[in-house]
Each structure stands twice: as C-alpha cells, then as structure tokens.
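Following: one structure in structure tokens, then a few remarks.
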Amino acid sequence: MIASAIQQIVNIDRTELKNFFSEVDKLHKTDEAVTTKIANNPALAKV
C-alpha cells in the first residue's frame, strides 16, 4: 500500500509533499473500509 503510493509519487515530476500524504490517506481509508467490511461479513471473515 505505502510502496504503491511512493512509486506513484516518484513517477510524477512535480509532486508536492501534500499530494503524497493525500494519496497515503486515501489508501489508508480504503484499507480501513475493506477491513471493516470483511470484519462485518461472517462469510468473508472465514476466508
């Protein structure tokens, strides 16, 4: 997750630090949402 965000930032010439943290925040929120969905669904939690 973090490595993907860093790779995206490195590949863009004019990226500000703000953009980096914005991308990391988006990835973190997505990860939290998926984790919550799995935790709340017994069928997914078993997998």
* Any idea how far apart Val34 and Gln8 come out in nm if each label point goes 7 Å out from Cα toward Cβ? -> 1.3
* Where Cα atoms sit under 19 Å apart: lysine pairs in the chain separated by 8 or more or lying on different chains -> 5
* Could you work out the helix-only [θ] at 222 nm for the chain, with each DSSP H run of four or more residues adding -39,500 (n - 2.57) and the total divided by the number of residues, to the nearest 500 deg cm²/dmol? -> -25500 deg cm²/dmol
* Mind checking the angle between helix 17-40 and the chain's longest principal axis? C-alpha axes, 0 to 90 degrees, to the nearest 10. -> 10
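Read the figures in this text as sums done on the coordinates, not as results from a lab. Keep in mind that what you see is a predicted model, and the values were worked out from it rather than measured. Neighbour counts are summed over all protein chains in view; Cβ atoms, including those assigned to glycine, are modelled from backbone coordinates with ideal geometry.
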